[in-house]
Amino acid sequence: MKSQKGFTLVELIASFSLALVIMFFLFQIVITVKELYVSSGLKTEMLIRQANLEHQIGQDFKEKTLTKVASCGNDCYTLTFGDNTSKELKVDRSKNIVSYGAYQISIQDGSKIGNFTITKNTVSGVSSGKNNTLLLIDIPITNKVVTGRNFGVHMVYQYDSRTVSMGL
């Protein structure tokens, strides 16, 4: 009887084909994990910048009384408070910067700043001495890598429009 020590050509082709299929799927998994890593890092950075800017504005809203909002140009508003201090909230699209007073955040590459709006909604029938108006600040910021998510500024300030005139 003849001793056969080796593989047939069919066995070699089958084992190489199987190894290639496994390598292909592993490569796809590595690419997917890399995309998730990049996307998660970008999301985290955008959320941190959003939180920091909203914290700066929210701190003033909490500690001071907003008395006036006035336009100071295109994509720029001056917020004046009861202690006679004021800060500009503005968007510089050419430099991809959103600033509030001295605080600035630069927007990540691939991000887009939408239409900056400040609006007010007054509710009728609210009893005297209660807040009857909402001031809504919206600066939408989106990124092409993280679709369907808005990383912009979304602030709401309540006040009584019968005692404070915002000038909007």
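Here is how the numbers come out for the structure above:
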read-out: Selection count where residues are without any contact (Cβ under 8 Å) to a residue 12 or more places away in the chain and under 24 Å from T142 (Cα atoms), scope region 32-65; value: 12
read-out: Qualifying residues in region 126-168 (those that are among the hydrophobic types (A, V, I, L, M, F, W, C) and in a loop (DSSP other than H, G, I, E, B)) - the one nearest to the chain's Cα centre (by Cα); value: F151
read-out: Test: residue in region 63-80 that is at pLDDT 90 or above, part of a helix (DSSP H, G or I) and either farther than 18 Å from S165 by Cα or in contact with a Leu (Cβ under 9 Å, 6 or more places away or on another chain) (or both); value: yes
read-out: Matching entry among L79, L47, L134 (being crowded, with 18+ Cβ neighbours inside 10 Å and out of contact with any Pro (no Cβ under 7 Å at 6 or more places or on another chain)); value: L79
read-out: Selection within region 84-118 - β-branched (V, I, T), in a loop (DSSP other than H, G, I, E, B) and surrounded by 15 or more Cβ atoms within 10 Å (Cβ to Cβ); value: I107
read-out: Single unsatisfied condition, T32 versus (1) at pLDDT 90 or above; (2) more than 30 Å from G167 (Cβ to Cβ); (3) exposed (fewer than 10 other Cβ atoms within 10 Å of the Cβ); (4) of a type in the set (S, T, N, Q); value: (3)
read-out: Tally, over region 111-144, of residues that are in contact with a helix residue (DSSP H, G or I) (Cβ under 8 Å, 6 or more places away or on another chain) and more than 21 Å from C72 (Cβ to Cβ); value: 2
read-out: Positions within region 70-109 being farther than 23 Å from V146 by Cβ, of a type outside the set (F, W, Y) and touching a Ser or Thr at 6+ places or on another chain (Cβ under 7 Å), in sequence order; value: A70, C72, T78, L79, T80, G82, S86, E88, K90
read-out: Residue within region 109-118 that is at positive phi, over 13 Å from the mean Cα position of the chain (by Cα) and of a type outside the set (S, T, Y) present; value: no
read-out: Qualifying residue in region 87-102 (condition: under 20 Å from L42 (Cα atoms) and either in contact (Cβ under 8 Å) with a residue 24 or more places away in the chain or in contact with a Phe, Trp or Tyr (Cβ under 7 Å, 6 or more places away or on another chain) (or both)); value: yes
read-out: Lone qualifier among S111, S71 - being among the hydroxyl-bearing types (S, T, Y), in contact (Cβ under 8 Å) with a residue 60 or more places away in the chain and either closer than 16 Å to L135 by Cα or out of contact with any Gly (no Cβ under 6 Å at 6 or more places or on another chain) (or both); value: S111
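The values are calculated or read from the model by the stated rules, or taken from the named source; none is laboratory data. For clarity, every value in this text was computed on a predicted model and none was experimentally measured. FYI the Cβ positions are ideal-geometry reconstructions off the backbone, even for glycines, and counts take in every protein chain you see.
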